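Encoded as structure tokens, the structure appears first; notes follow it.
The values are calculated or read from the model by the stated rules, or taken from the named source; none is laboratory data. Quick caveat: nothing in here was measured; it's all calculated off a predicted structure. Remember, those area values only see protein heavy atoms, side chains included, never the ligands or the DNA or RNA. Shrake-Rupley method; radii C 1.70, N 1.55, O 1.52, S 1.80 Å.
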Amino acid sequence: MLHVDLDQFIAAVEVLRRPELAGKPLIVGGRGDPTERAVVSTASYEARVYGVGSGMPLRVAARKVPDAVILPVDHEAYLEASDNVMAVLRSQPGATVQVLGWDEAFVGVQAEDPEAFAREMQRAVLERTRLHCSVGIGDTLVRAKVATTFGKPAGVFRLTGENWLEVMGSRPTIELWGVGTKVSRRLATLGIKTVAQLAGSNPDDLVPEFGPKMGPWYAQLGRGDGSRTVDDTPWVARGHSRETTFQRDLTEAGQIDEAVRELAAHVLEDVAAEGRPVVGLTLKVRYAPFITKTYARKIPETSDPAEVLARALDLMAKIEPERPIRLLGLRAEMTMPEDSRQGHTPTRSGW
């Protein structure tokens, strides 16, 4: 199985539209105005060397690279480019494609020479879309995904059970797909700091800290084990979310109420298009200066917009009073169709 990851995807799409930007530090985020509150969606490699990364406040990024070109986010352009790439992947002989997002996918294939197949796939993507990609080859989805990081940019790398610990063993656990900052810190409190230590851990020892499902699962990640099946079942959204960053902090209860109602209206539109009931809500609050908290609750299954709005407004009671708010977000979880893709895919994205 192969993992295909488009190199600096959003920045690369922008360079295709504006060739004169090639080789320049490029930052994409918000409306392209660093004086407004927004975060970096992506940065070109030329900007990344200055420490600019996704999620960084745009204002901070602009200070790090004063001569950077800063552009607004153009979702439609990126979606079109992504669709073109995925069409190329699906056109490869015998390929099964599992899309993970705009810029990445798993490709399952029977090939005597996976490296040769990967390079031919890279050539096809570049020829038909003018975009470069890196490819990881693995005997599990996890190993293929992690392998891609060693192939960047525009390269190919293979990770299997034979070389997993040789390559990954001494690395910190945060470099594993599915292990973020919080989990790596919790593992460290158990004396587990490296991938090799996690791979050699007793899954039962992780249960008190992470629970009967996630404890053994993290031990499995440390070994690079897991699913060996690329599933091309169409992806179905588990939920829909909207969020707004305010140029001026919200400080009044009336402002917060209005903002939550507006978010709920947009989310309800998205949910209605799916035709599935809502079963859970999450309110995301970013307090000034930059402290983010989420408040979640399960709700009785309902398709009644008025009921969903009422439950969303109930969550407002969780908001800490007299703390200025710079961002609000609302997410609605829905029931899943019986024929939707099953299983857990590790990811660091989303909320």
Highest-fluctuation residue, E301, E46, E115 considered, GNM on the chain with Cα pairs under 10 Å: E301
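Pulled fully out, how much extra length does the chain show between K64 and T292, if you take 0.36 nm times their separation in residues and subtract their Cα-Cα distance? Please list the in-between numbers first.
Values: separation 228, 0.36 × 228 = 82.08 nm, distance 2.33 nm.
Using 0.36 nm per residue and subtracting the Cα-Cα distance, I get 79.7 nm.
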With angles folded into 0 to 90 degrees, how steeply does helix 253-274 sit against the dominant principal axis of the chain? Use alpha carbons for both and round to 10. 50 degrees
In the structure shown, do any of K145/K318; K145/K213; K145/K182; K152/K213; K145/K284 have a Cα-Cα gap over 26 Å, and if so which? K145/K318; K152/K213; K145/K284
Pick out which of G151, G275, G169 has the largest mean-square fluctuation in a Gaussian network model of the chain, springs linking Cα atoms closer than 10 Å. G275
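Express the relative contact order of the stretch 120-180 as a whole percentage, based on alpha carbon pairs under 8 Å and six or more residues apart in sequence. Mind showing how you got there, number by number?
Details: 80 pairs, mean separation 15.4, N = 61.
Result for the stretch 120-180 is 25 percent.
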Part-to-part distance (alpha-carbon centres) for the stretch 151-216 and the stretch 71-135, which is given in Å: 27 Å
Alpha-carbon Rg with Dmax, taken over the chain, Å: 21.7, 64
With Cα coordinates, the longest principal axis of the chain makes an angle with the long axis of helix 114-129, in degrees rounded to 10, of 50 degrees
Kindly sort F106, F157 by accessible area of their heavy atoms, largest first, with the probe set to 1.4 Å. F157, F106
How many angstrom lie between the C-alpha centres of the stretch 1-41 and the stretch 257-272? 29 Å
Have a look at H132, H75, H240 and tell me which one the Gaussian network model of the chain (Cα, springs below 10 Å) gives the largest fluctuation. H75
Accessible-area value, W217, 1.4 Å probe, nucleic acids and ligands omitted, Å²: 40 Å²
In degrees, nearest ten, helix 75-90 long axis to first principal axis of the chain (Cα): 30 degrees
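How high is the relative contact order of the stretch 1-136, in percent, counting Cα pairs under 8 Å that sit 6 or more residues apart? Let's see the in-between values first.
Values: 231 pairs, mean separation 41.7, N = 136.
In percent, rounded to a whole number, it is 31.
Can you tell me the relative contact order of the stretch 134-213? Whole percent, Cα pairs under 8 Å, sequence separation 6 or more. Intermediate values should be presented prior to the final figure.
Details: 97 pairs, mean separation 17.2, N = 80.
Relative contact order of the stretch 134-213: 21 percent.
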